[in-house]
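Notes follow once the structure below has been shown.
Nothing in this text is a laboratory measurement; each read-out follows from the coordinates by a stated rule. Just so we're clear, the structure is a prediction, and the values are computed from it rather than from any experiment. For neighbour counting, all protein chains shown are included, and Cβ atoms are generated from backbone atoms with ideal geometry for every residue, glycine included.
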Amino acid sequence: MTDAPASAVMKRWFRNRTAVLIVLAIALFLFVYPVVMLIVGAFRNADPTLPAEWGFQGFAEVYSTPQTYITFANSAILAVASTVLGVLFALYMAFLSARTTTPLRKLITPAMIVVLALPPTFFAISWGMLGNERVGTINSLLGMILGTDVSVMNTNSWFGIIFVTALHMAAVSYLLLIGPFTALDRSLEEAAQIAGAGGIRAFFSIDLPVLAPTILGVTILAFVKGLETFDVPIILGTPAGIRVVATEIFGQIQDNIPPNYGAASALSTSLLVLVIVLVFLQWRALGKRQFVTVTGKSFRQDRWDLGIGKYIGTVVIVAYIVAAVVLPGGQLLYGALQPYFGAKFGNFTFAHLEEALTAPSLVDAIVLTISLAAVCGVLAASFSAVAGYLISRTRSRTTRLIELSMWLPWAVPGVVLSLAFAWAFLAVPGLRSLYGTPWILLLALTVSAIPIAMRPVQGAVVQLSTELEDAARTNGASRFRMFFGIVLRIIAPSFLASWLVSAILVSGNLSVPTLLSGLGNKTVPMLVYQLYSDGKVTESAALLLVHMAATFVVLGLLVLLYRLAVAALGRRGRARARLMDDGGAPLAPLAAPVAPQSHAADEELVGEPR
Amino acid sequence: MADVSLRGVKKDFDGTRVLNGIDLDVEQGELVVLLGPSGCGKTTLLRCLSGLEEITEGEVTVRGKTVDKPSTGTFVPPNKRGVGVVFQSYALWPHMTVRSNVSYALKLARTPGRQIRAQVDEALRSLNILERADEYAGQLSGGQQQRVALARAIASRPDLMLFDEPLSNLDAKLRLKVRLDIRKLHRRSGITAVYVTHDQEEAMALADRIAVMNQGEIQQLGTPEEVYNEPVNAFVADFMGFENILRGGVTRDAEGRAVFETAGGDIRIPLDGRIDASMGMIAMRAGHVLVSSDAVGDDAVVLRGTVATCTYLGDYTQVLVDVGSTRLFARMPEDERLRRGGLPARGETVSLRVAIHKIVGLEDEPLPSETDTGFMPIAV
């Protein structure tokens, strides 16, 4: 080998690494570069297009204002309160669903998936209408019944923000907890019973401690989400004058002329550092997953009969579904049909719905948003598949770097990502022209979807036996052909799940487009927010309703087309079904970041000797 | 009176009968192995003994006390039965150290601290894992984990020890080692034990008595020697490794002696007095059908057939021989191979010496291999 010419050695080096290097370049550009530019921006004293001096002006300005400390405190209050409520409720629901005979328990998981698939903007707006202090539906209804004006509820308040955030948080936490809850090795509990512990005692002294790392990880994740949350506080908090960090960042740019980029960047950087520390802690907690043991032998799962407690459980389940799905859904429909918000009962109009279906600006927004959702979904799922494949098949410093950079967007709150992309594109002359176009939205939304898109696809790739690939290679397939002909085909169901989840999240994303869309290309969530905050409440309800229905129909059709295409491949479809039984896995949504594999791989799994 | 006794135990899962009338007595200090293929109900039976499952019908008594009897509504839950269970997956609690795992039951039983320490130390010492007492279960290797699981089951000195395929997750070498540990442990403690496995050799090595199970019923209960040498039916013979099971009937030869003749008439084997003339099947181990050129006495008969395949296995050579259209599993001892100067060629005619007094007579019944394709084809 030593006498091979240098050019040949180089050629060889590149041939084996081309794919990795391309993916690395994309990852660095999309995930790392914007964050770097954001941090750079925090230390400059002018907006990104202008020459500026370096300094700590942004930080000095931010940290000399008392308002900053109030917003951080507000964020902390919101995060703690919604986490405590959301996670405790999720634990209770996971327990009911996985371990008891509570009637209606089978509704819990579907309800939670629905809640997760609906955009947070929807909950905020609907509950804003339901619980408006003066003309809210709940107060009006009570007023009609009692025959006098009452105000028992006001959701434009701390109560409203925390309540609505916790509703959503409960769904996220539940879906992360239910897997480990169900998969928990029941023989651990049986062993405790044999040792003399009764059912309740076994649950508290064995099951809960065994699940503790998972619960801790989910709690930190929920806390991070609470700190980052934007949609709910901007809609419900703004009227009440409650500002959290994410809305404050937005306000620094939106409410100031000229926009205060320095202060916004300094705030963003602070939030980013805080969140990265927490995400790191969460990795540490979830990375040591050795506690969750799954064994091959599953005997009958005896469920507990909680006696009277099971009916209490049923009541709680129904109450949650009413609060999280029925009431806001009904309100959105009702609101969309009202001529103006607060109109008397019985006054209906289709004018707003008609406008949403015909007014060019609104129709354009719906088309743009759904197209973005579909395309971003494809991009996110494809990039996740390629990168996930490279990461799982070649362990090197380069692939590790790719993996870490792909998790970075997870730690970047939506508004911060928005600002980071603004910096990244405004600062470079050639890229500047993309600012305000749908293209920058496309890239930013794809990036925001990557951490979620990665979960199902990466899981599927890891499960895939390398022997299948080796067989393809020894049968004469090139690497390229092997990836597209074998790997992608086999992981197709996970790819679909990945795409669907990303598309749904993109279509409801309010925070990422906030600072990136131009005047002519606002996405639906942004328009909905603007209409709502301008007092055109019923118009916003109609637009959101039409958008959600359109998204549902279009994504549904695309899934159906995909299914048909797969079915047309006939034999291959059946063969795959036999090879991989992951039918239960799709829609394992809003996945927590699993620590990069090497963390997990170092741990020896208890009770998993195979 | 028996220490553990099952009377007419039946168990249904959602209308499917998994145990179909089990009667079994286990004597004080005895180790009974439940042996059978997967799905035969052996694990369910074990779980009924532990109280992790409730029986549907019948009665379970431990130490003279009824612990499960549906007809009177009696049911003692697992945490009140005073049994020790070693699980297939070990089921060690990962958030506890080895010591806490082993002492958990004693703590729940409110045993005084000093006594707990003594009993736990003794259990750990007897299994050579005392030095790992303060580590977490997840830090141990598979074999060590299994020994902790054994220590945990034995530390509280239960009335009854139950083993649920405890060796199936270990590699072959460790399996032998832990098997010896279990045997020693049982002999020393004298605790009555029931042990579930599908491994015939494991069952033979451990058992005082073996209960061979199939389709929710005990097919044969006996000492390892009895079960190995005198299977009572075709299922047991097949499961215990009788390679040759022949179907046919008993006729008389010219001198009036009983002769077993296969259905096609390919093979005629004279029988000794042990075998009932009404038997429709006989079973022979390959080890009792030897390729040999030796002269035979009264205790053996010679068959002639052609060699189909030879597989050299070191201690002996396995030879498949076609006698007429019937294929027999036979063995060629090493000295015979050396004497011949090599293996017989395919198609070569050889003499088989069949040991008459080792032949087992059976009632004619369908074999598992005739209904299930998962088994090696045997000559019928």
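Summary of the geometry: the range B:251-274 and the range A:206-243, compared by the centres of their Cα atoms, lie 84 Å apart. Stretching A:Val277 away from A:Ala567 to a fully extended chain increases their span by 99.8 nm, per 0.36 nm per residue minus the current alpha-carbon distance. Here the relative contact order of chain A, from alpha carbon pairs under 8 Å that lie six or more residues apart, stands at 21 percent. Placing dummy labels 7 Å off each Cα toward the beta-carbon, the span from A:Gln530 to B:Thr74 is 8.0 nm. Distances between placed amide hydrogens fall under 5 Å for B:Leu160 paired with B:Gly84, all partners being 5 or more residues away or on another chain. For the range A:61-349, the spread of Cα positions along the three principal axes, ordered from largest to smallest, is 68, 52, 26 Å.
Could you list, in their original order, any pairs among A:Lys344/A:Lys536; B:Lys184/B:Lys358; B:Lys42/B:Lys177; B:Lys80/B:Lys107; B:Lys65/B:Lys184; B:Lys42/B:Lys107 whose Cα atoms are separated by more than 21 Å? Pairs exceeding 21 Å: B:Lys184/B:Lys358; B:Lys42/B:Lys177; B:Lys65/B:Lys184; B:Lys42/B:Lys107. Each peptide in B:269-276, B:333-340 receives the mean, over its residues, of other Cβ atoms within 10 Å, and ordering these scores from highest gives B:269-276, B:333-340. From a point 7 Å beyond the Cα of A:Thr466 in the direction of its Cβ, which residues of the range A:372-396 have a backbone N at a distance under 11 Å? Of the residues in the range A:372-396, A:392-395 have backbone N under 11 Å from the label point off A:Thr466. Scoring B:296-309, A:322-335 by mean Cβ neighbours within 10 Å over their residues and listing the highest first yields A:322-335, B:296-309.
The HN-Hα couplings worked out from phi for the range B:133-138 by the Karplus form 6.51 cos²θ - 1.76 cosθ + 1.60 (θ = phi - 60°) are 4, 9, 8, 7, 4, x Hz, whole numbers, x standing for Gly and Pro. For B:Leu34, the residues 5 or more places off, or on other chains, whose built amide H falls under 5 Å of its own are B:Tyr195, B:Val196, B:Thr197, B:Ala211. What FRET efficiency comes out for the pair B:Glu365/B:Tyr312, r = Cβ-Cβ distance, R0 = 35 Å, nearest 0.05? E between B:Glu365 and B:Tyr312, to the nearest 0.05, is 0.50. One chain, two ends: B:Asn20 and B:Arg346. Fully extended at 0.36 nm per residue, the span grows by 112.6 nm beyond their Cα-Cα distance. Rounded to the nearest 20, the size of the Cβ-charge dipole of chain A about its Cα centre is 1960 debye, with Lys and Arg at +1 and Asp and Glu at -1. Within the protein assembly as shown, antiparallel bridges make up roughly 75 percent of the DSSP beta bridges whose residues both belong there. The mean count of C-beta atoms from other chains within 10 Å of the C-beta of residues in B:94-106, rounded to a whole number, is 4.
Across peptide B:81-91, the average count of Cβ atoms from other chains found within 10 Å of a residue's Cβ is 6.
Based on Cα contacts under 8 Å between residues 6+ apart, the range A:61-349 shows a relative contact order of 30 percent. Per q in 0.07, 0.12, 0.14 Å⁻¹, report the Debye log10 I(q)/I(0) for chain B, using one uniform scatterer on each alpha carbon and no solvent. Computed log10 I(q)/I(0) values: -0.42, -0.96, -1.13. Find, to one decimal place in angstroms, the Kirkwood hydrodynamic radius of the range A:102-169, where the mean of 1/r is taken over every pair of different Cα atoms and then inverted. Answer for the range A:102-169: a Kirkwood hydrodynamic radius of 13.3 Å.
Among A:Thr100, A:Thr399, the ranking by other beta carbons within 10 Å of each residue's beta carbon, starting with the fewest, stands as A:Thr100, A:Thr399. Dividing the summed -39500 (n - 2.57) terms of all DSSP H runs of n ≥ 4 by the residue count of chain B sets its mean residue ellipticity at 222 nm at -7500 deg cm²/dmol.
Taking a quarter of the surface of the Cα convex hull of the protein assembly as shown gives a mean projected area of 55.9 nm². Take every DSSP beta bridge whose two residues both sit in the range B:4-229; close to 60 percent of them are antiparallel. Which shape class, rounded, prolate or oblate, goes with the range B:104-197 when its Cα gyration tensor gives a ≥ b ≥ c as root eigenvalues, a/c under 1.5 marks rounded, and past that a/b bigger than b/c marks prolate? Because a/c hits 1.5 or more and a/b fails to exceed b/c, the range B:104-197 counts as oblate. For the segment A:179-191, counting C-beta atoms of other chains within 10 Å of every residue's C-beta and taking the mean gives 4. Close amide H pairs (under 5 Å, H built 1.01 Å from N) link B:Leu19 with B:Lys11, residues at least 5 positions away or on another chain. Ranked by the mean number of other Cβ atoms within 10 Å of their residues, highest first, the peptides A:456-467, A:164-175, B:96-107 come out as A:164-175, B:96-107, A:456-467. Between the listed residues A:Trp499, A:Ser478, A:Gly535, the Cα displaced farthest toward the positive end of the dipole of the range A:440-576, a dipole computed from Cβ unit charges relative to the Cα centre, is found at A:Ser478. Using the rule -39500 (n - 2.57) for each DSSP H run of four or more residues, divided by the residues of chain A, the 222 nm mean residue ellipticity is -22000 deg cm²/dmol. Please name which of B:Thr306, B:Gly361, B:Gly249 has its Cα lying farthest along the dipole of the range B:239-371 towards the positive end, using unit charges on Cβ (Lys, Arg +1; Asp, Glu -1) and the Cα centre as origin. Positive-most Cα among the choices belongs to B:Thr306.
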